[in-house]
Every structure is written in C-alpha cells, then in structure tokens.
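Novice: Have a look at the structure that comes next, please.
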Number of protein chains: 2
Amino acid sequence: MPLLERLAEILEPSDLLTAAGDTAPYLTDWRKLYHGEALAVVRPRSTEQVSRVVALAAEAGVSIVPQGGNTGLAGAATPRSNGNNLVLSLERMNKIRALDAANYTITVEAGCILQQVQEAATQADRHFPLSLAAEGSCRIGGNLSTNAGGIAVLRYGNMRDLTLGLEVVLPDGRIWNGLRALRKDSAGYDLKHLFIGAEGTLGVITAAVLKLFPRPRERASAFVAVASLDAALALLGRMRAASGDGLTSFEMIPRVALEKAIAHVPGSFDPFPDPHDAYLLIEMTSSRENSGITAVAEEALAAAMEDGLVREATIAQNETQAAALWFLREAVVEAQRAVGASIKHDVVVPLSAVPAFIREATAAVEAAVPGIVVYAFGHLGDGNVHFNLLQPPGMKPEAFLAEMGRLNRLVHDVSARHHGSISAEHGLGQLRNKEVRLYKPAIEFELMERIKLAIDPKGIMNPGKVL
Amino acid sequence: MPLLERLAEILEPSDLLTAAGDTAPYLTDWRKLYHGEALAVVRPRSTEQVSRVVALAAEAGVSIVPQGGNTGLAGAATPRSNGNNLVLSLERMNKIRALDAANYTITVEAGCILQQVQEAATQADRHFPLSLAAEGSCRIGGNLSTNAGGIAVLRYGNMRDLTLGLEVVLPDGRIWNGLRALRKDSAGYDLKHLFIGAEGTLGVITAAVLKLFPRPRERASAFVAVASLDAALALLGRMRAASGDGLTSFEMIPRVALEKAIAHVPGSFDPFPDPHDAYLLIEMTSSRENSGITAVAEEALAAAMEDGLVREATIAQNETQAAALWFLREAVVEAQRAVGASIKHDVVVPLSAVPAFIREATAAVEAAVPGIVVYAFGHLGDGNVHFNLLQPPGMKPEAFLAEMGRLNRLVHDVSARHHGSISAEHGLGQLRNKEVRLYKPAIEFELMERIKLAIDPKGIMNPGKVL
C-alpha cells in the first residue's frame, strides 16, 4: 500500500495535509530563505502516532523533517526540494503532561509553545527561564533541537542546561522513554545530549522534562552607556559579584542600533541627552521579596561611574519603565528590517575576546565593502554577538547580498582566530552546515558522521541538515 | 617489537611501571573491592604521549584503563583480571593550562587534583564549585568520567554542567581538540557530553575547559532539626526563594548517623539538647559583601519554626562554627567504617519522592534482615540519597555481606518505582554495570552499544565497564 494511504489509516484527515494550499506554510522558513517539497505534512497527536509515522516512512524510504513553530533561522525545519520527505509537525502535541513544584520540574510535549511553558511555571509559583524573541510562537521541540539560548543564558544556561529528560522517537519508529526528572544521574552515557542540538537528524523529540527555578519576585533593569566594551566586561564581573550572581541579562546595543530603532520603530527613544558609542541593557532578578536589588544595582553602577567604566545610567523605577527599556532592546532587532538588506551572523567567542572580535571584524568588513553598516548587538554576558551587517546607503540590496559569501568568510575567520563558533544559538540547519567544516577539525565531523550512522543507519532523519 | 619495548621508547623509565611493587596501588580500588592485572602502568606527561600510548596499545590489541586519583566507588579505574591491559594514569598531566578571569573559565589537564583547581580559581578571585569528600586526592579526569556531583549540585550542577570543552585522545590514538571556552555553541552534535560520564570507555580525556563563578564572600551555615522529610522539602523551596536561589547545600542527616558520629568520631557533638529524627545541614552563600545572608537565613528559619516545619535550628556565627557543622557532615561518612560491614547505595529520585523512597526502602530492608540499620544520608537538595545499610549488631559481617544482592534488589526496586536511578554520582564501573540493565529500558543499552561500536570499534577502551 502506498505510504500516504497507510498514513491515512492512522491519522485524522485534518492531520494529513497534501493540498498545496495546506502544506505551503510548512515548506518554507519564516524568513523565506528556503523552500522545499514534501509528499505530505503530518501532524500526529501522540507519541504513538509519531512512532507509527516514522516507522512507515522508514519502511518506505521517505525522509522525516521534524518541525516545531517554524521560527528557526538556519532552515533546519524546511525540507529539501527533492520532495521525498514528510514534514512532521509537532504542533498538535502541545500538552503539559506534568508539573512537580517540589521537584522544580515540568514535563511537556514537544509542540508546546515556549510561552505556554513559561506561563504554566508561573502559575505554579515557579520560573522557566528560557526567553527569546520568538517565545510566543516557537515550540519546545525546536528549542531543544537547536539548543536555544536567548537573553537569560548568563544566569540559567541554554536549553540543554535546562533539560533533565527526553522522550524520542528513533529513526526506526521505536520510542525511547528517557523522561527522567533527576538532578543527578551517572548511570551510563547521557543520551539526551545527543538529541538536543541535533536539529532532528537523529530522531524526533516528542517530550521533555525541564528544570524550573524559584519565581523572580523583583527585578532591577538598567540602561547604561559604557566607556568601551572593555569597560563593559569589567562591569559584568562587578555586577555578577554585587548581585550574588543574580545577573540575568547583560545585553549589548551599539549606538547605530539605537539610532536606527529611534528612526524606524515608533516608541523608541534615547534614554540619555548625549550620544554614546555603546550601551548595555542590564537586568538582575531576585526570588526574594524586599531583596534590595534596585539599591544594589544603583550602588554598583554609581561606583562604576566613579571609576570611569560607566558614562551614564538609568535604572527603571517601576515595571512600566522596565518594559520601556526592554522595548528598546526589541526595537533594535525590529529596526534591521526597515533599513534594507542585511547579512546576519550568530557568532560566539570567549567573553574576554568580544571587544577584539568586534574591532577586528568591523575593520575587515569595512575594508571589503566601503560604507557597510556594522550592527553588532547581542548577549555580551555569554559572548554571543549578532554581528549583523546592513547594506551601505544607496547600494542595491542584490549587490550587497552578492557579497554574503565573502563577508561570512571575513567575519567567521575573525571569530575562528578568537576560538569562537559560527553558530551560538541558531544551529547549523542548511545555512551553515557546509561552512562550519571550515572552522571545526575534520575529526569532529568524522565522529558526528559515525554517530549519525550508528543511530540513523538509513539516513531517514532530516537529511541535508547539520552534516 | 613488543608493546613494552615500544612504550619504553616514548616514555621516561619512571613513567613506565612494570614491577609488582610499583604497579600494585594502580591495580586495586581504594575500597579494595576490585583487583586486576596489567602489562604495565603508564604515566604519560603530555597529550602527545597519551596519543602515542593509545595508538600503540590499539595496534597491539591491548586495552587501556584510564585512571585518575583512583578514588572511584564503582571500580571503573581498576583493570580486569585477564591482564591484557595498560593502566593509563593521568597523574603526571596536572598542569593548569590557562585561567581567563573575564571569561570565567579555567583550562586544566585531566590529572589536576580537584582541590588544586579550586585553589587556582580562588587565587583569581573566582570560584570552582565542585566539592566532594575526595577533593584532596580525586582528579579532574575522574570527576569528568563519572560526572561527579557532591555537595553543591543544587546550585551549580554536576561536573557535566560545569564543563565547556574537552580534549580527548580517541581509541585509535588521534587527538580531538574540543577545548572551546564558549557559553553558547550550537554548531553540531555536542560531543563532549558523550565522553563526560563515559568512565573512560570511549576515549581518554586529557584536558578540559571548566566554568568559574564569582567567588562567594559570605556564607550562612545552619544545622536544623526538621519535623519530617516532607517538612524538609517544603523548607527547601522556602530557602531557595528566600536566598535568591543562593542555596548551595541542603544535606540530610538522620538521627542514627549523628549518634554513630558522636559515638565513633572524636570531635562530633549533638547541636541540640533533645534528639530529633531528621537533621539538615543547610548552606547559603553570596558573592556580595554585606549581603545580609545570615539575617536572611535566620528569618526564613524562624518563620519555618513558627509554621511547624522546623523543630530547632542553629546558625553558625563565624567560620569556626560553620566548620564545626561541616565536620559533623563529614563525621557521618567516617562513622560508617567504625560499625562493621556496610552495603552502600547511591540512589537518586525526584526530590518530591525522597520521603516515600526512604520510607518504603526502609520497610523493605527491615523486613528482609531484622535488626538492619538504615543509614540514609545525602544530598536532599538534588534527590541523591546514600541509602547505606549497616549490619545488625551481633551479625557476622560475612553473613551480612552475603545479603548484598538481595538488598540491592529491594532498594533499587523501590527507587525504580519512583523513577529514580541506581547511580546518582558514582558511575556504573564494574559495580553496577550489570545490575543497571534491570532498571533502564533495553533500547537505551542498544543505543549505548551502537555508540560504543561507532567510537571504539575495536573495544580497546576500558572494557567490562559501564556496558
């Protein structure tokens, strides 16, 4: 029996999409950089259904492309164009299976939207700290598969660090139930770490046990103009120590990004009368009531100002002011779209190398494309720089985008000199999977390929991605 | 040329031990439970030497048994008795290669003693938080290979969570340099997590990049008598929140353990006039000066006393008093040796299941061996119970130890009912590698075996351990 007929036997009609109008949204990524083809889009409702779908596809020699909220930035969830694929959307598996407040854990299905998990935690007086721009639509399976990062990694770690257990449908359709909710476990190889960050190339993650934390009750948000990026690094150490390691976010915003936000995103504003080269959005949180955290932030910033690290600083006095500062951080991302073509990089280097990386990469791209606008913002607290490049004013977008390969090479060569990585939190997908071979030792890909062959000998799972 | 002659060409004479008197300490574990044989003990001084030793051994079909401080509790570092092994001690590779204070990282060789790493961090005004009883003699390579835990996991995580990068000699002698010092990295499968916790069965870890933290400047240590273990769990949540998640240790000590310590370990004392069933040693730390952390602890404990969770509490008023409380925690471990034969378990269950686990496991073993003494202490903050059993007074040690298999089964069956693991932080080695098959799904071992075959196809690395 043909595959589609067999799938029709196990799925509701509305969970098996084949009409072009129905499948179209699943066949391209949200930036519309990639377009693929698929025999069908399937939307199973249970782990058992995923298991049966994968088994049937494996038998038929059809590839599986797992998809979550389809908000990825590296094309990992878009199928190849040869069409011999099934897109397996996890969106109908969106149940929170359990929440154990005393164990500080939540067990969720892969199709849960990140924000849904955050809210469930809050309702139980707990905190799920992963936070990123797409949190209203990205799904946990995608967060796991790309090892998502975001704005609170400095304190809480990446998605990988937030995960205690997984349930995975393997490439032959069998289910591995590794949904352990344990803080310690040294009983054999830690298989969950293979599937996290594998972008669906080793199996389909269907559920996970995630860590929760005490709910933050107070926060101090500050917008700070720093004397230099080196000064920002010194400030980071002071703020970590002063806050009792309660520093949650330490975001870097260059002057050009603040200017573009003010020019293009209504509601943006300059917090200070004079311009400065570099700004930080800093946030400390505490789960303690009457924590005095705002006073701590004030004191630390005042001392840093006296010592010449900080030029100006403003601390939010209430939630409205804090929200306004975070609005600026989001406007910086938003504003890029208004200024024409951009070329994005998701670089990470050791914190101590961030100033040199930005300096050297800026010099390299400015020499290559005169008039190019370097728009380098990101998560200074963990060394992750979104080193984005905007087209020179007046240049044709196509002409600028034609430089992408050369500019990627220049930027990533500098990050390599500083022992960085070309994908901090977006994954490799089909965007960086070839390029990355220039920057990691060959032996590493050999090991990855051996593992791929060991777990997915038929090469069913998301071919053409990562490897 | 025979293997030993070829080894003699690349190693100093003092780094190639073959005389029985020289090799003996390397051929048994420190509890003297296991004894093995080896062609030689090699002590290479560099990654290159490790690489050459492993390549020669692989060519000769001789197995490699990596060994660190030889303080393991599961026999993973003791060779098999067939003798076709080399013990590869990392003890001569004990250099701290780099410390990057701004990046909060330290790069160390596998033979560094844990305490040496702690001290190097402190000297740079940083903190390396892994802490366990053997810290004065255990080595980083062993900590990595067993994914060591200890007394600060609640706040800082296990060794796995503290590791950013690894250098590994693979089973064919090639070197994988994965010494990345990055807080985020989503560029392919995360290979380091395969080698961490693999107990030397996939390769020889020769160096690692570890995370550092702000140095704690103040601590509040409290000894607390709780109304019950359920009350202790409720207190855990309160103390985490009240401390701004600065709770570092939350150790559980039963009455029987305190009594044995007082009876057998000079310097032990009862902090309270009346006896109580269950005690906690709680520690909060802060990197902030004038953190008010002692007042926070006092307030939280006073409220918990009012609410009936806490019966009595004493908070150390200075470092001497804090050290005296921690001495009690160590005396609890020490005292076991004075009371005859003991059977140890390193169980972990979800925190919420700890009270039921202890209740049910206690009932099971008391029914099986009348008069048995349950000595269940450990890291309540992360669900890790050292559920140790002491022989009934008057029973012959050999008669008691003959019950080990039956008692293991009873205890581990209860932990399995509560979705626990039979090895929280000690690893499997040769102590639990067969037993664990009763408690994890077969598909998990199939995956582990496929990975083993993919990475170590000749089966050179530490055979007979883990798998």
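The values are calculated or read from the model by the stated rules, or taken from the named source; none is laboratory data. Everything quoted here is computed from the prediction, not taken from an experiment. All Cβ positions, glycine included, derive from the backbone under ideal geometry; neighbour counts span all protein chains shown. Ligands, DNA and RNA are excluded from the accessible area calculation, which covers all protein heavy atoms including side chains. Shrake-Rupley method; radii C 1.70, N 1.55, O 1.52, S 1.80 Å.
Novice: Debye calculation, C-alpha points only, no solvent: report log10 I(q)/I(0) for the protein assembly as shown at q = 0.06, 0.09 Å⁻¹, in the same order as the q values.
Specialist: Here log10 of I(q) over I(0) equals -0.42, -0.99.
Novice: What value, in deg cm²/dmol to 500, does the helix sum -39500 (n - 2.57) over DSSP H runs of n ≥ 4 give at 222 nm once divided by the residues of chain A? Please list the in-between numbers first.
Specialist: Working: 15 runs with 153 residues, N = 467.
Mean residue ellipticity, 222 nm, calculated: -9500 deg cm²/dmol.
Novice: Taking a cut-off of 26 Å between Cα atoms, list the lysines near A:Lys344, but don't count ones fewer than 8 places away on the same chain.
Specialist: A:Lys32, A:Lys260, A:Lys396, A:Lys434, A:Lys440, A:Lys465, B:Lys184
Novice: Right, something else. Could you tell me which trypsin sites (Lys or Arg not before Pro) in region B:269-361 are loop residues by DSSP with no more than 12 other beta carbons within 10 angstrom of their beta carbon?
Specialist: On the way: sites: B:Arg288, B:Arg311, B:Arg329, B:Arg337, B:Lys344, B:Arg359; in loops: B:Arg288, B:Lys344.
The qualifying sites: there are none.
Novice: Based on the alpha-carbon gyration tensor of region B:126-237, what equivalent-ellipsoid semi-axes (square roots of 5 times the eigenvalues) come out, in whole Å, largest first?
Specialist: Values: eigenvalues 209, 47, 40 Å².
Listed largest to smallest, the semi-axes of region B:126-237 are 32, 15, 14 Å.
Novice: Okay, moving on. What are the label-to-label distances in nm, one decimal and shortest first, from A:Arg97 to the same spot in the other copies, with labels 7 Å along Cα to Cβ?
Specialist: So the label point of A:Arg97 gives 4.0 nm to the other copies.
Novice: Sticking with this one: Please report the net charge: other residues with Cβ closer than 9 Å to the Cβ of A:Thr294, K and R +1, D and E -1.
Specialist: Working: positive: A:Arg219; negative: A:Glu218, A:Glu298.
With Lys, Arg at +1 and Asp, Glu at -1, the net is -1.
Novice: Computed on protein heavy atoms with a 1.4 Å probe, what is the summed buried accessible area for the chain pair B and A, in Å² to the nearest 100?
Specialist: Heavy-atom accessible area buried at this interface is about 6900 Å².
Novice: To the nearest 20 debye, what charge dipole does chain B have about its Cα centre, counting +1 at the Cβ of each Lys and Arg and -1 at the Cβ of each Asp and Glu? Numbers along the way, then the final one.
Specialist: Details: 45 positive and 52 negative charges, 191 e Å.
So the magnitude is around 920 debye.
Novice: Taking the simple approach of a point 7 Å from Cα along Cα-to-Cβ for both B:Thr320 and A:Arg409, what is their distance in nm?
Specialist: 7.0
Novice: Mind pulling the angle between the C-alpha long axis of helix A:114-123 and the longest principal axis of chain A? Nearest 10 degrees, somewhere in 0 to 90.
Specialist: It is inclined by approximately 70 degrees.
Novice: Under a Cβ-Cβ cut-off of 12 Å, what is the net charge of the residues other than B:Leu11 that fall near it, where Lys and Arg count +1 and Asp and Glu count -1?
Specialist: Working: positive: B:Arg6, B:Arg43, B:Arg45, B:Arg52, B:Arg92; negative: B:Glu5, B:Glu9, B:Glu12, B:Asp15, B:Glu48.
Spelling it out: positives minus negatives among the neighbours equals 0.
Novice: Which whole number gives the average count of other chain Cβ atoms within 10 Å of the Cβ atoms across peptide A:279-289? It would help to have the intermediate numbers written out before the result.
Specialist: Working: counts 0, 0, 0, 0, 0, 1, 2, 5, 7, 9, 2.
Mean inter-chain Cβ contacts per residue within 10 Å come to 2.
Novice: Would you tell me the accessible area of A:Leu7, worked out with a 1.4 angstrom probe on the heavy atoms of the protein chains, in Å² to the nearest 10?
Specialist: Ignoring ligands and nucleic acids, A:Leu7 comes out at about 0 Å².
Novice: Right, another one. What value does region A:20-160 have for Rg/Rh, both radii from Cα atoms and Rh as Kirkwood defines it?
Specialist: Numbers: Rg = 16.0 Å, Rh = 15.9 Å.
With Rh from the inverse mean 1/r over Cα pairs, Rg/Rh is 1.01.
Novice: Could you give the dipole magnitude of region B:340-442 about its Cα centre, charging the beta-carbon of Lys and Arg +1 and that of Asp and Glu -1, in debye to the nearest 20?
Specialist: Numbers: 10 positive and 9 negative charges, 53 e Å.
With Lys and Arg at +1 and Asp and Glu at -1, about 260 debye.
Novice: How big is the dipole moment of the protein assembly as shown about its Cα centre under a simple scheme where the beta carbon of each Lys and Arg is +1, that of each Asp and Glu is -1, and everything else is neutral? Debye, nearest 20, please.
Specialist: Numbers: 90 positive and 104 negative charges, 352 e Å.
About 1700 debye.
Novice: Treating only the Cα positions of region B:218-336 as identical point scatterers, give the base-10 log of I(q)/I(0) from the Debye formula at each q in 0.12, 0.16, 0.18, 0.20 Å⁻¹.
Specialist: Log-scaled intensity ratios, in q order: -0.40, -0.71, -0.89, -1.08.
Novice: Continuing with the same structure: In the protein assembly as shown, if the dipole is taken from +1 on Lys/Arg beta carbons and -1 on Asp/Glu beta carbons about the Cα centre, which of B:Pro13, B:Ala55, B:Ala241 is farthest to the positive end?
Specialist: Working it through, the farthest residue towards the positive pole turns out to be B:Ala55.
Novice: Here's a follow-up. Among the lysines, select those whose C-alpha is under 22 Å from the C-alpha of A:Lys95, and discard any that sit fewer than 8 residues away in the same chain.
Specialist: A:Lys192, A:Lys211
Novice: Over 23 Å apart: what share of the alpha carbon pairs of region B:373-467 falls there, rounded to a whole percent? Can you show the working numbers first?
Specialist: Numbers: 1711 of 4465 pairs.
Of the Cα pairs, 38 percent sit more than 23 Å apart.
Novice: Which FRET efficiency value, to the nearest 0.05, do you get for B:Ile443 and B:Glu9 by plugging their Cβ-Cβ distance into 1/(1 + (r/R0)^6) with R0 = 45 Å? Each step should come with its number before you reach the end.
Specialist: Working: r = 46 Å, r/R0 = 1.01.
My answer for the efficiency is 0.50.
Novice: Going from the alpha-carbon gyration tensor of chain A, what semi-axes, largest first and in whole Å, does one get by taking the root of 5 times each eigenvalue? The partial results should precede the final answer.
Specialist: Values: eigenvalues 296, 149, 78 Å².
One finds semi-axes of 38, 27, 20 Å for chain A.
Novice: Let me ask you something else. Once both axes come from the Cα atoms, what is the angle between helix B:319-335 and the longest principal axis of chain B, in degrees from 0 to 90, rounded to 10?
Specialist: The two axes meet at around 70 degrees.
Novice: Using all C-alpha to C-alpha distances in region A:76-122, build P(r) with 5 Å bins and read off the rounded percent in each one.
Specialist: Reading the bins upward from 0: 5, 18, 23, 15, 12, 10, 7, 6, 3, 1.
Novice: Let me ask something else about it. Within region B:1-64, list the trypsin sites (Lys or Arg not before Pro) lying in a DSSP loop whose Cβ has at most 14 other Cβ atoms in a 10 Å radius. If you can, show how the numbers build up before the last one.
Specialist: On the way: sites: B:Arg6, B:Arg31, B:Lys32, B:Arg45, B:Arg52; in loops: B:Arg31, B:Lys32, B:Arg45.
Loop-located and lightly packed - B:Arg31, B:Lys32.
Novice: While we're on this one: Given a 1.4 Å probe, how much area per residue of region B:264-351 is accessible, in Å²? Present the calculation step by step, with values, prior to reporting the outcome.
Specialist: Working: 3940 Å² over 88 residues.
On a per-residue basis, 45 Å².
Novice: I would also like to ask the following. Taking H as built 1.01 Å from N, whose amide H comes closer than 5 Å to the amide H of A:Arg311, not counting residues under 5 places away?
Specialist: Amide H neighbours of A:Arg311: A:Ala225, A:Val226, A:Ala227.
Novice: Once fully extended, how much extra length lies between B:Ala24 and B:Ala98, figured as 0.36 nm per residue of separation less the alpha-carbon to alpha-carbon distance? Walk me through the numbers before you get to the answer.
Specialist: Values: separation 74, 0.36 × 74 = 26.64 nm, distance 3.38 nm.
So the chain would gain 23.3 nm between B:Ala24 and B:Ala98.
Novice: Also, quick follow-up: At 7 angstrom along the Cα-to-beta-carbon line, where would the label on A:Asp270 sit relative to the other copies? Give the distances in nm, shortest first.
Specialist: For A:Asp270, the inter-copy label distances come out at 7.3 nm.
Novice: Pop the C-beta distance of A:Asp125 and B:Asp125 into the FRET formula with R0 = 51 Å and round what comes out to the nearest 0.05. All intermediate terms of the calculation are to be shown ahead of the outcome.
Specialist: Working: r = 35 Å, r/R0 = 0.69.
Efficiency for this residue pair is about 0.90.
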